[in-house]
Amino acid sequence: MNVDVLLGLQWGDEGKGKVVDVLAPSYRYIARFQGGPNAGHTLEFEGIKHVLHTIPSGIFRPDVVNIIGNGVVIDPIVFHAELEKLKPYQIAFEKRLLVSKKAHLILPTHRLLDAASEQAKGLNKIGSTLKGIGPTYMDKTGRNGLRVGDLFSPSFQSLYDDLKEKHLDILSRYEDFQYDLAPMEKEWFEKVEGLKALTCIDSEHYLYDQRKAGNAILAEGAQGTMLDIDFGTYPFVTSSNTVTAGTCTGLGIPPSAIGKVIGIFKAYCTRVGSGPFPTELNDEIGAQIREEGREFGATTGRARRCGWLDLVQLKYAIMVNGVTELCMMKADVLSIFSDIYLCESYEIDGKSVDRFPYDINKAEIKPKWTHFKGWKSDLTSLTRYEDSPEALKDYVRYLEKVLEIPITMVSVGPDRAQTLLK
Ligand code: GDP
Ligand code: IMO
Ligand code: MG
């Protein structure tokens, strides 16, 4: 059985959590393959709103087993808080939440290094979520990291102390950076026990067995393609591969076993943190999108930057991910506009550019817009795509034509039920 992949095609926060929750009943396993507590995946159903960070978004579906893959980085403190928030739902974690022994651990000093690095960068900061993501992945690729499996080693404390010493040495070079590590460490060692109490597995073997047994698996991405370490707007990116290939390295799934690639995009664009954003609207329209779409970060609460849909960017994301079907999110947010715009190409130095350029950080980019008539009607109580306004159908048909990929789902509200399947 092949593994389907679901991932974000823009700068994150496309609505991945919602769609995973909607699709989860068709799968036996939901497996996160990268990222960590920088992610904030929101699920809404039956009057409940819940934000997940490290735990996969199939956790509320009783028959689904959730796996945190080797490509994920885990902060035991954030993880513990997530488990606590789920307590009222009486989830049988020992059977329904499995953790790869190869997932890397975020140490308190990784968080300090993240903060020190951002402070030192000043105006050039990445706008990191300050969860320690970059330093943890640096230690992973630098072959210094600690993994979940190490927690069970009798020498864990000395492994921890060795890595901490390296970090303190680096921190000593940041002159203006103040910190108090002791309380952070105390909490970390307390909360690590919660992680150790879960079922820790060799997830690549486990998933192989499930594939062979014919069980359906959905891989859940975090962040979005434009935050990918290789293909995103470097250096304003996260430190993992958020694209389809990340499923192979982050779960041990061979490329030949990838099935559907479900790409999620908003009917407009948002970005949180620094970095280039060609279709950003620093005007009243951008503010209206932010307000109507409640565009404030699920993890940090920061206001998200907003702009119109960018087809140059979206085509690029579809290309690098090999997307086979699309979900368009937040169509309801655009209901307030009589006029909607799409960026079809960029103008750079007087030339028309329709391929996402290398020098995105330096280039002076003028988006070239295509105008659409807005649908100006409330979509939030629709239950069938066929009943949606013609102007929305026109917009969807146009996107399918230029993107050459079917849009199989249109989302018209944050709730599980506000989902139109085509
Ligand atoms: P993720 O990181 O991709 O899972 O997305 P986030 O949860 O960070 O951000 C998406 C936000 O949009 C959340 O607050 C969702 O509840 C909300 N949302 C998802 N789909 C829709 C939709 O179709 N319409 C509206 N209005 N909100 C949506
Ligand atoms: P989900 O999974 C949106 C952004 C940060 C920053 C950059 C690097 O909810 O879509 P990091 O902490 O990873 O070093 O930050 O990436 N970022 C996200 N933006 N959604 C996310 O996750 C993000 N995770 C990281 O704002 O610009
Ligand atoms: Mg999010």
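The values are calculated or read from the model by the stated rules, or taken from the named source; none is laboratory data. Just so you know, these numbers come straight off a predicted model, no measurement behind them. Here the Cβ is made from the backbone with ideal geometry for all residues, glycine too, and neighbour counts use every protein chain on show.
For the stretch 242-258, the condition of being within 16 Å of ligand 3 (Cβ to nearest atom), modelled with pLDDT of 95 or more, β-branched (Val, Ile, Thr) and under 26 Å from VAL353 (Cα atoms) holds for at least one residue. Taking the criterion of being within 12 Å of ligand 1 (Cβ to nearest atom) and not polar (S, T, N, Q), the residues of the stretch 291-312 that qualify are GLU291, GLU292, GLY293, ARG294, GLU295, PHE296, GLY297, ALA298, GLY301, ARG302, ARG304.
Give the residue, chosen from LYS131, LYS191, LYS186, that is exposed (fewer than 13 other Cβ atoms within 10 Å of the Cβ) and under 29 Å from LYS85 (Cα atoms).
LYS186
When PHE296 is tested against (1) within 16 Å of ligand 2 (Cβ to nearest atom); (2) among the hydrophobic types (A, V, I, L, M, F, W, C); (3) over 28 Å from the mean Cα position of the chain (by Cα), just one condition goes unmet, and that condition is (3). Only one entry in PRO367, PRO357 is surrounded by 12 or more Cβ atoms within 10 Å (Cβ to Cβ) and in a strand (DSSP E or B), namely PRO367. Restricting the stretch 23-67 to residues that are away from ligand 3 (no atom under 16 Å from the Cβ), out of contact with any Pro (no Cβ under 8 Å at 6 or more places or on another chain) and not in a loop (DSSP other than H, G, I, E, B) leaves a set whose member that is farthest from PRO254 (Cα to Cα) is ILE48. For the stretch 253-278, the tally of residues that are over 22 Å from GLY40 (Cβ atoms), assigned to a loop (DSSP other than H, G, I, E, B) and either without any contact (Cβ under 8 Å) to a residue 12 or more places away in the chain or touching a Leu at 6+ places or on another chain (Cβ under 9 Å) (or both) stands at 2.
Is it the case that GLU118 is within 14 Å of THR238 (Cβ to Cβ), surrounded by fewer than 23 Cβ atoms within 10 Å (Cβ to Cβ) and acidic (Asp, Glu)? For GLU118, the condition - within 14 Å of THR238 (Cβ to Cβ), surrounded by fewer than 23 Cβ atoms within 10 Å (Cβ to Cβ) and acidic (Asp, Glu) - is met.
Within the stretch 222-241, the residues that satisfy the criterion of being under 15 Å from ARG271 (Cβ atoms) and either modelled with pLDDT under 95 or more than 16 Å from ligand 3 (Cβ to nearest atom) (or both) are THR233, TYR234, PRO235, PHE236. Go through the stretch 282-311 and report how many residues are in a helix (DSSP H, G or I) and either in contact with a strand residue (DSSP E or B) (Cβ under 6 Å, 6 or more places away or on another chain) or within 16 Å of ligand 3 (Cβ to nearest atom) (or both). Looking only at that region, the number is 4. Taking the stretch 259-286 as the search range and keeping residues that are among the small types (Gly, Ala, Ser) and within 16 Å of ligand 1 (Cβ to nearest atom), which one is nearest to ARG211 (Cα to Cα)? Per the stated criteria, the residue is GLY263. Sub-6 Å Cβ pairs linking a first residue in the stretch 118-144 that is part of a helix (DSSP H, G or I) to a second residue that is surrounded by 14 or more Cβ atoms within 10 Å (Cβ to Cβ) and among the acidic types (Asp, Glu), at least 6 apart or interchain, are GLY134/ASP114; PRO135/ASP114, ordered by first then second residue.
Within the set LYS87, LYS101, LYS95, the sole residue that is over 24 Å from THR129 (Cα atoms), among the charged types (D, E, K, R) and in contact with a helix residue (DSSP H, G or I) (Cβ under 7 Å, 6 or more places away or on another chain) turns out to be LYS101. Any residue in the stretch 269-284 that is surrounded by fewer than 24 Cβ atoms within 10 Å (Cβ to Cβ) and within 23 Å of HIS50 (Cβ to Cβ)? Within the stretch 269-284, one or more residues are surrounded by fewer than 24 Cβ atoms within 10 Å (Cβ to Cβ) and within 23 Å of HIS50 (Cβ to Cβ). Residues in the stretch 370-396 that are small (Gly, Ala, Ser) and either touching a Pro at 6+ places or on another chain (Cβ under 7 Å) or not in a loop (DSSP other than H, G, I, E, B) (or both): SER377, ALA391.
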